[in-house]
4 protein chains.
Amino acid sequence: MRRLLDAGIAVFASRGYHSARVDDIVKAAKTSHGTFYLYFANKEDLFQALVADVADELAALTESLGAIGPGDSGRVELRAWLERFADMYEHYGPVIRTWTETELDSTEVGRMGTDVLGDLTLRLADRVSAAGTDVNPQLAAMAAVAMIERFNYFVLSRQVAANRGEMIDTLAGVVHRALFD
Amino acid sequence: MRRLLDAGIAVFASRGYHSARVDDIVKAAKTSHGTFYLYFANKEDLFQALVADVADELAALTESLGAIGPGDSGRVELRAWLERFADMYEHYGPVIRTWTETELDSTEVGRMGTDVLGDLTLRLADRVSAAGTDVNPQLAAMAAVAMIERFNYFVLSRQVAANRGEMIDTLAGVVHRALFD
Amino acid sequence: MRRLLDAGIAVFASRGYHSARVDDIVKAAKTSHGTFYLYFANKEDLFQALVADVADELAALTESLGAIGPGDSGRVELRAWLERFADMYEHYGPVIRTWTETELDSTEVGRMGTDVLGDLTLRLADRVSAAGTDVNPQLAAMAAVAMIERFNYFVLSRQVAANRGEMIDTLAGVVHRALFD
Amino acid sequence: MRRLLDAGIAVFASRGYHSARVDDIVKAAKTSHGTFYLYFANKEDLFQALVADVADELAALTESLGAIGPGDSGRVELRAWLERFADMYEHYGPVIRTWTETELDSTEVGRMGTDVLGDLTLRLADRVSAAGTDVNPQLAAMAAVAMIERFNYFVLSRQVAANRGEMIDTLAGVVHRALFD
DNA sequence: TATGAATGAGATTTCATTCAT
DNA sequence: AATGAATGAAATCTCATTCAT
């Protein structure tokens, strides 16, 4: 079952959710169709299980926002947090992406998705609010989260010629200035 | 053929690229399967035609970046440009989204995609460079483009509770501060 | 209409009857679908028209069997006739082949086919009968006709590495010996 | 899978290769479309499998040519061999026919075809050569093979009013005289 | 628990034929 | 007469899901 989940991530990563066939996942997990349906009702069910994992990771990440805020120390905290985000995204990126796309038939998963991302946004907005920056904290935080996710995606999918270090530097600079200056 | 292209946009918008069936498009265009295959080899072929349209729109948008830059006048220009981007995105958003996702089988389209978005990024980077902001202009511009695209998507897909005006205000503020302060 | 018939022959020759699309014929004839259906009810109808042509050719060929029979003069006659047959087959081979295959839906054409080939066989059988060879003249004649047709086909379709001259020499020898020795 | 192959033979025999729909084969095999595509990529793929079977049969038949040659004993051998050929043709005739027709898209099969028929021809040519008959052994053998195949076809498809016994008598007589007198 | 052959609903694709111009 | 865009019925093919072992 763990093997199936990991296979799911791998296959979603390389083919995307919709082109991923159960057959691909089953082969990657070196098991059989029968076994797949023993543990999951269908493809979306496996995906939901992955989403639950991601939700945990995101909750932990939200918890660990720390003293992100204005000033150099706040920027250092932000940088460290972006490192952790990148770690998480490297593994769960495909899941997050599918999750933010609405193409899924059952809205179930989609809704879960925004809720948890929303929680992260909420906490980030707290920091913006506390800093007194002249923006709508909610929306600015949302924009920042959107940017962070997309940038990670672009770098991982090599749609942008930058390595991880450059990505984090850039994000730290841009996000910090956008939210706390 | 125009009817099929428009139907394509509409169906991609409501169901997403992968769940869109040729049958849906054909019905939306009030025509027949035969006619569809008269003009397009398959669904992806129609999509490529849409991408060509989007490329034109994006090129025009790139052309019209204007005097975006530091200061209040630069912010006003940015705001106006974001309005134009939002207009374009309202129509072509689904195409852009599919385009930036790598799930497509033929890399053809994907490659075109980054090229044109890359062109927009390049021009925006010029403005950042000229402003002398303390960031890697290329990457900061990329981050900004990523944020703009995603935010538009979140608002249109109602994953974020904000109206168009709030979105543009926020983006103008955040982008301007991130790139030119 | 003549153009369509010739295009039909050409296309049947290169693709075979079943893979030949009306579209291929229409393009080869540099005309339109509409025009095709102005002259022919459907693909098989055009084919029947070709069959009628072939029937005429075969009737003429039957008429011209001449003094085929035992002895050297009979062999010379046979050789000359085989030349004429090869000429006809070079043009109408594809039609004859389709015709002898039963895959056509309407038996109409198929029946016509055997009738006319049957007439040729009948006349050839007369010669065999007259020669008093120790075989069933009907069947031996049929076998000879079958062999002649197939050999022409194999040579034209290059399934056998022989030129026309060698083919005719061989057929003359073999047929003459088989029927009149 | 065996059931599908047999169904293929049956359907090709009754409808011919081109009018045979996968649906027909599937129904004849009392199985489903899914199963068909589990074992074969498409109709031609199944056909290739049948061709492989036929190739085996033909190779065995080639092996068993025996002491075919001049004189009465050689004629008796020939007759026996023609019986075996007729047995084989009764089962695999449709496959052989499609095989010698070039209408197939992939040349793959066509080439296999002539190769194996070519082998039979080669061995028969050996016998002709040994007999010292005054013909090109290669081509005469080819002509004989062509005649045998066609005659079997005409009799089986009832395009000629003869029973199996008459057919074999005639072929034995004609072939023997053509190749060994 | 585990397997994988079998299924069939549903999607894609082709092409002979029609018909308004 | 001639055209060729449009049609849709019929074919091909895919893949999530089931079930006997």
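Can you tell me which of (1) part of a loop (DSSP other than H, G, I, E, B); (2) out of contact with any Phe, Trp or Tyr (no Cβ under 9 Å at 6 or more places or on another chain); (3) modelled with pLDDT of 90 or more is the one B:ASP87 doesn't meet? The failed condition is (1). The residue that is nearest to DNA strand E (Cβ to nearest atom), among those in the range C:32-46 that are closer than 17 Å to C:PHE12 by Cβ and out of contact with any Gly (no Cβ under 7 Å at 6 or more places or on another chain), is C:ASN42.
If you go through the range C:156-167 and pick out every residue that is more than 7 Å from every other protein chain (Cβ to nearest Cβ) and charged (D, E, K, R), you end up with 2. Within the range B:130-155, residues that are closer than 14 Å to B:GLY69 by Cα and within 8 Å of another protein chain (Cβ to nearest Cβ) have Cβ atoms under 8 Å from residues that are assigned to a helix (DSSP H, G or I) and β-branched (Val, Ile, Thr) in these pairs: B:ALA140/A:THR170; B:ALA140/A:VAL174; B:ALA140/B:VAL128; B:ALA144/A:VAL174; B:ALA144/B:VAL175, counting only partners at least 6 apart in sequence or on another chain.
Per the listing B:THR170, B:THR114, the residue uniquely assigned to a helix (DSSP H, G or I), polar (S, T, N, Q) and at pLDDT below 85 is B:THR114.
A:ASP87 satisfies every condition listed in (1) surrounded by fewer than 17 Cβ atoms within 10 Å (Cβ to Cβ); (2) over 23 Å from A:LEU124 (Cβ atoms) except (2).
Taking the conditions (1) among the hydroxyl-bearing types (Ser, Thr, Tyr); (2) within 13 Å of DNA strand E (Cβ to nearest atom); (3) outside the structural domain of C:MET142 (by TED's automatic domain parsing); (4) modelled with pLDDT under 90 in turn, C:SER14 satisfies each one other than (2). Taking the range C:168-181 as the range and being in contact (Cβ under 8 Å) with a residue 60 or more places away in the chain and within 7 Å of chain D (Cβ to nearest Cβ) as the test, the residues that pass are C:LEU171, C:ASP181.
Checking each residue in the range A:47-63 for being closer than 12 Å to A:ILE9 by Cα and touching a Leu at 6+ places or on another chain (Cβ under 9 Å) picks out A:PHE47, A:ALA49, A:LEU50, A:ASP53. Per this entry, D:GLY69 is counted among residues that are surrounded by 14 or more Cβ atoms within 10 Å (Cβ to Cβ), modelled with pLDDT of 90 or more and farther than 27 Å from C:SER19 by Cα. Residues that are within 11 Å of DNA strand F (Cβ to nearest atom) and within 14 Å of chain C (Cβ to nearest Cβ) within the range D:5-52 comprise D:VAL11, D:ARG15, D:TYR17, D:HIS18, D:SER19, D:ALA20, D:ARG21, D:ASP24, D:LYS43, D:GLU44, listed in sequence order.
Per-residue answers, yes or no, for (1) small (Gly, Ala, Ser); (2) in contact with a Lys or Arg (Cβ under 8 Å, 6 or more places away or on another chain); (3) in contact (Cβ under 8 Å) with a residue 24 or more places away in the chain; (4) surrounded by 19 or more Cβ atoms within 10 Å (Cβ to Cβ):
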| position | (1), (2), (3), (4) |
| --- | --- |
| C:ARG2 | no, no, no, no |
| C:ILE9 | no, no, yes, yes |
| C:ALA29 | yes, yes, yes, yes |
| C:TYR39 | no, no, yes, no |
| C:VAL76 | no, no, no, no |
| C:ALA80 | yes, no, no, no |
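The values are calculated or read from the model by the stated rules, or taken from the named source; none is laboratory data. What you see is a predicted model, and the numbers here were worked out from it, not measured in a lab. Note that each Cβ is placed from the backbone with ideal geometry, even for glycine, and that neighbours are counted across all protein chains shown.
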